[in-house]
Each structure stands twice: as structure tokens, then as C-alpha cells.
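Peer 1: One structure follows; several queries about it will come next.
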Amino acid sequence: MIRVQREDFDVGAEFDRLARGNHRIGGIASFVGLVRDLGGGDPVAALTLEHYPGMTEKKLAEVEAEAHRRWPLDAVLIIHRYGRLEPGERIVLVATASPHREAALAACHFLIDWLKTKAPFWKSEETPAGERWVEARAEDEEAAGRWDKG
Amino acid sequence: MKLLYFAWLRARIGIAEEDAPLPAEVDDVAGLLAWLRRRGPGYAEALKDPRTVRVAVNHDYVGLDHPLRDGDEVALFPPVTGG
């Protein structure tokens, strides 16, 4: 399931909903991304996330479908927020549920790596020197590329 | 053709979206970028380095040789930084 929203989410409530009624599920793996208070060595007062409505949902659904192709998953949840977020706030949740931990953990890692390089989101940071756009990191491309061989 | 701009491309070009008939001399993404660069200094500045510009047509990433049709939704944006 994909959700793109401005509002925060409750991780515990999302886990409950993900596994409810399905007792094949042996575990849920998750990644929660948070806003940091430093960017490129400068203090960051807030991030603003912009996205491309329509394409965002399409790319997240493709990444989710690819995870289902590669691993035996009972459920996948991706929630990505947009708008202005302050340090400590949640940005993204990826959760994967599977009968066994290997599939859940690997699929969760895959999903956050691919999402970072494929979903059309952009961050700008509020710093003492003014607002600036966050630059894409080569490390993120490399992390996503590790999964290309499948 | 609907053109959409995001993040610093939007800021440099100065608008988020516009409608434009597909110019007769444009048949692919590379041609569109060249045509846009001639539209004004904001466009030329935003699109000067093709390595920093990603292009999506109808919500899918495409390369410079992707053919364009009138009616396409074409989005131009920098490399993504979500997650």
C-alpha cells in the first residue's frame, strides 16, 4: 500500500493494521526516515519536501510491485510525507511483512534504496544562510544500483 | 504539450507549469531542451547542464532520444532527493 500525505503517521498503529488478521506473517521489518538538524555541516531549521503528484504514486507502486516480485511478502506499506518538516519529524515509513525475517529485512532495505532514487521528491533546507536545495548523493545511486542484478 | 518544472528548475525558470504546442522542429526530448533554452535566460540557466536535468514523459523517466507528441505531459526536474 502506498500513501503520500502531508500528515504524520503512527508507526505502531500502522504495524497493527499491516498484520491484522494475517497469521502467516512472522515478522515486520521497517525503516523510518527522520529529519536531521544538520545538512552539509550547517544547522537545518526545517526541510520542505516537494513532489510530483501522480508520478510519485506511480513510481512508488512500481517499486512496491518489484519487491513483491523478488520476495515472498504478505504486505508492503510505504508512507511518504511532503510539506514543511522540522528536525525529528518522520519523513518516510517503509514496512514489509513476511512469514520469515530474511525476506522482510531484504525487501525493506531494497525499497528504501530504490525509493530514494526513483520517487520524484525534492528537499529544500532552511539554513542560517537561507533556503537551499538538497543535492542528490552519488552514494544513494550506488546503494540503489546494488539491487539492479536482483 | 503540458510542461511541468520542479524544485530548483521551477525556481530558475520562474513558473511551475505551462502549456505549449509542440514546436514543429521538436521531435524528441533533446530537441525540446534545445528549444526551451532559447526561450529566455531563466530557461537557459536552468537547463544549461543536461546532467542535472531528469525528464519524465507521462510519469515515466525517459532519455534524450525519447520521441514527443503533442498532448504529452513532460516534466523537467533535478535528480530526486526523497526518502
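The values are calculated or read from the model by the stated rules, or taken from the named source; none is laboratory data. What you are looking at is a predicted structure, and each value in this text was computed from that prediction instead of being measured. We place every Cβ from the backbone using ideal geometry, glycine too, and count neighbours over all the protein chains shown.
Peer 1: Taking segment A:95-126 as the search range and keeping residues that are in a helix (DSSP H, G or I) and away from chain B (no Cβ under 13 Å), which one is nearest to the chain's Cα centre (by Cα)?
Peer 2: First pass over segment A:95-126, keeping only residues in a helix (DSSP H, G or I): A:101-118.
Filter again for away from chain B (no Cβ under 13 Å), leaving A:101-107.
Details: A:R101: 19, A:E102: 19, A:A103: 17, A:A104: 15, A:L105: 14, A:A106: 14, A:A107: 12 Å.
Result: A:A107.
Peer 1: A further question follows. Looking for something farther than 30 Å from A:G21 by Cα, of a type in the set (D, E), surrounded by 14 or more Cβ atoms within 10 Å (Cβ to Cβ) and away from chain B (no Cβ under 12 Å) - is there at least one such residue anywhere in segment A:127-144?
Peer 2: For segment A:127-144, residues farther than 30 Å from A:G21 by Cα, of a type in the set (D, E), surrounded by 14 or more Cβ atoms within 10 Å (Cβ to Cβ) and away from chain B (no Cβ under 12 Å): absent.
Peer 1: Here's something else I'd like to know. If a residue must be within 13 Å of chain B (Cβ to nearest Cβ), in contact with an Asp or Glu (Cβ under 6 Å, 6 or more places away or on another chain) and at pLDDT 95 or above, how many such residues does segment A:30-46 contain?
Peer 2: Of the residues in segment A:30-46, the ones within 13 Å of chain B (Cβ to nearest Cβ) are A:31-36, A:39-40.
Imposing the further condition that a residue be in contact with an Asp or Glu (Cβ under 6 Å, 6 or more places away or on another chain) reduces the set to A:35, A:39.
This time we only want the ones that are at pLDDT 95 or above, so: A:35.
Number satisfying all stated conditions: 1.
Each row is one residue, and each column tells you yes or no for (1) surrounded by 15 or more Cβ atoms within 10 Å (Cβ to Cβ); (2) within 30 Å of A:R81 (Cα to Cα); (3) within 12 Å of chain A (Cβ to nearest Cβ); (4) in contact (Cβ under 8 Å) with a residue 40 or more places away in the chain.
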site: B:E25; (1), (2), (3), (4): no, no, no, no
site: B:T52; (1), (2), (3), (4): yes, yes, yes, no
site: B:V57; (1), (2), (3), (4): yes, yes, yes, no
site: B:P78; (1), (2), (3), (4): yes, yes, yes, yes
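Peer 1: Quick one: which residue in B:L33, B:L22, B:L47, B:L4 is farther than 28 Å from A:E131 by Cβ and of a type in the set (A, V, I, L, M)? It would help to see each step written out before you state the result.
Peer 2: Details: B:L33 fails: farther than 28 Å from A:E131 by Cβ; B:L47 fails: farther than 28 Å from A:E131 by Cβ; B:L4 fails: farther than 28 Å from A:E131 by Cβ.
Matching residue, one of B:L33, B:L22, B:L47, B:L4: B:L22.
Peer 1: Out of segment B:20-76, which residues are part of a helix (DSSP H, G or I), at pLDDT 95 or above and either more than 20 Å from A:W122 (Cβ to Cβ) or of a type in the set (V, I, T) (or both)? Please lay out each step first, then the result.
Peer 2: Step one: list which residues in segment B:20-76 are part of a helix (DSSP H, G or I), which gives B:29-37, B:41-46, B:50-52.
If we keep only those that are at pLDDT 95 or above too, we end up with B:29-37, B:41-46.
Selection gives B:V29, B:A30, B:G31, B:L32, B:A34, B:W35, B:R37, B:P41, B:A44.
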